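Notes to accompany the following structure.
The values are calculated or read from the model by the stated rules, or taken from the named source; none is laboratory data. Because the structure is predicted, anything quoted here is derived from the model rather than measured. We place every Cβ from the backbone using ideal geometry, glycine too, and count neighbours over all the protein chains shown. SASA here: full protein model, heavy atoms, side chains in, ligands and nucleic acids out. Shrake-Rupley method; radii C 1.70, N 1.55, O 1.52, S 1.80 Å.
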Amino acid sequence: MPSAAVLGPVVIPLVAAVGIAAFGLARIDLGRMAAAAGAWGSVVALFAVWLPVRSSLELTLGQLGFGSAFDLRIDGVTFAFGLIVAAPAAVLLTLQPRAWPEAALSMLALTAAMASLEAGGVVLTAIAGGTAATLAIILLDTEEPRATRPSWALLLSGWLGLTWVGVILQIGGGTAVYTAVPVGAVTGPVFVVLAVSAVIATSLFPWRTWLSRLWARTSLRAAAITIATLYPLGFYLLVRAYELGDGRYPHPLFNVVLASIGIAAAFGAAARAQAAITRREFFGEVIPGFGGFALIAIALGTPLGLVAGLIMLATASAMVACMALLPDRAGLAPLVTIAAAVGLPPGLAFGARVIGIEATFEAGDFLGLIGVAGAAAWVTWMVAGARAIGLPGGRGRPTAETFAGVSMLIAGLTLVAGPALAATQFGLANPVAAEVMPSSAGSLAGGLISVVTVSSVMPVVTLFVPLLLIGVAIYSLTDMAAIRTQARTALFKVPAAAALERARAVIRAARVPEQYRSILDLKELEAAAARSNPILWLAALVALGFAVTR
């Protein structure tokens, strides 16, 4: 396989974006057709590069400057996360109608996300990730300028932090390339900055973040593309951190802290979901919930935990497309989607959470207690799902962007794919563990029909197939007409939720005094630069360059 093939997953959507924009300016709207071709082309290119050899393929295109290489690579980690990002985006761009500016921006966002995943070093990952975050903000504002969106400063702060990590590694270790960074260069303080950047990039916090708020928008076209392209990138950084540290984090305390953040995020999402007043509000908490469970598993520092986390992320990726296509009305489609979202057996989410919780017990010590808390959060999600069945749909959505049949198909596939859990582990997750945890990945075994752990064997085919048949039998004997939309009491109220929202509103309402606003106003600074003598600004630029390179 030629090294230039690694450009395919990045260049194909980029060419599609350029073509859409060029024809759009000529008043020819290629829109959905070209966007679908570009997104699916990226997916096909990933398979074409990875499957024939199933080993790393690398291409160096020169230098970024100051010793940082413009290095692109496709390995097991890139392949898994590339599918997690590109597959739901391809489904959405194929089905949902978009004006050509939105289609072009969506393709550019996908291009930047894929470039971030293919980047061979920390610096290039940060540059591409910051570009993807910026394009997501532009896309959201293009679709509906006054609607809810994340703070650009918040999203960019995570990628600026990662840039700082890249600079430190470049200076202290001589390189920021993932495969070449000396283990000793990844110190505790460096990892803290990296981990904080990853958490900010995914916005995994116990409170309600933009991941939930985006689902309140009238249209979910831009929201779904934003979540599909941005959300997995923070987890990607935490997985690559194992590669930087030769299969482990600098100190076991970091594993505990990250797992604790994960359980706080998962339980916070579950608490909000069981108190939701509409199904749309419930679905808004599904992705943060999946992310919390995935962070718990990935942070354990074991191959089994890493596998469980990746399968949860893959399932969450499918749920992004599923929920974005789901109409806000009662019926069979929301029922199946809720079942898939809460981890009903024998779905992929059920199997991944089972092995994730088992991985916490095998890790031992305090992580075992986190596993118990994870089980409690899962029970809360089950209660939330049972309550969501009777909730009203929500504010309603444009009919043209909803496809109930496709949504139900995606949710149904995640449910019936439970018996394929071992095959998913073997084909998607095991190569990632082998890449970032080479010394311990040999403990993963079981082939295509079983998941083998240190303490037990889970025969997923012989266990999940009967569960699937029982579920089909129960559905066939159930009268769907008996399901009625009705108000249901929440299991409990989220403590201090109202006070926290009021405090956040006060902070958001804070303003810089009038006499100081010109200092912080980028438009005013740009205007001042345009009015001033260019020689002054040229001299300032030369002085800054001299100071930085000293």
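Worth pointing out:
- List Thr360, Thr218, ordered by accessible area with a 1.4 Å probe, largest first: Thr218, Thr360
- Length gained when the stretch Trp152-Arg329 is fully extended (0.36 nm per residue, less Cα-Cα span): 60.4 nm
- Residues Asp141, Asp75, Asp365 ordered from highest to lowest accessible area at a 1.4 Å probe: Asp365, Asp141, Asp75.
- Efficiency of FRET from Cβ geometry, Val18 and Phe361, R₀ 41 Å, rounded to 0.05: 0.20
- Positive-end extreme of charge dipole, the range 264-389 - chosen from Gly291, Thr380, Ile338 (charges on Cβ): Ile338
- With every protein chain in place, the range 381-430: carbon and sulfur % of accessible area (1.4 Å): 77 percent
- Applying 1/(1 + (r/R0)^6) with R0 = 56 Å to the Cβ-Cβ distance of Thr60 and Ala490 gives a FRET efficiency near 0.50.
- For the pair Phe205 and Leu25, label points projected 7 Å from Cα toward Cβ lie 4.0 nm apart.
- Each of Ala404 and Val196 was given a label point 7 Å from its Cα along the Cα-to-Cβ line. The distance between the two points is 4.9 nm.
- Contour excess over end-to-end distance, with Cα ends at Ile474 and Val167 and 0.36 nm allotted per residue: 104.7 nm
- Per-atom-type breakdown for the range 192-350 gives carbon and sulfur 73% of the accessible area (1.4 Å probe, protein chains only).
- Gain on full stretching of the segment that runs from Thr94 to Thr179 - 0.36 nm per residue minus C-alpha separation: 27.0 nm
- Average accessible surface area per residue within the chain, 1.4 Å rolling probe, Å²: 42 Å²
- Positive dipole terminus of the chain, leading residue within Gly24, Val432, Val53 (C-beta point charges): Gly24
- Charge dipole magnitude, Cβ of K and R +1, D and E -1 - the range 171-279, Cα centre, debye nearest 20: 600 debye
- Sequence-distant contacts, meaning Cα pairs under 8 Å at least 6 residues apart, place the relative contact order of the chain at 12 percent.
- Taking a ≥ b ≥ c as the square roots of the eigenvalues of the Cα gyration tensor, an a/c ratio of 1.5 or more together with a/b larger than b/c marks the range 101-234 as prolate.
- Rolling a 1.4 Å probe across all protein chains gives Leu409 an accessible area of roughly 100 Å².
- Helical runs (DSSP H, four residues minimum) scored at -39500 (n - 2.57) apiece and divided by the length of the chain put the mean residue ellipticity at 222 nm at -21500 deg cm²/dmol.
- Ranking Val354, Val183 from most to least accessible surface, computed with a 1.4 Å probe over the protein chains only, gives Val183, Val354.
- Shown for the range 29-187: the carbon plus sulfur share of the solvent-accessible area, taken with all protein chains present and a 1.4 angstrom probe, equals 70%.
- Point-to-point label distance, Asp141-Thr278, nm (Cα→Cβ direction, 7 Å offset): 2.6 nm
- Assigned charges on the beta-carbon of Lys, Arg, Asp, Glu; the chain dipole about Cα centre (debye): 1440 debye
- Cα centroid separation - the range 355-406 against the range 86-100, whole Å: 26 Å
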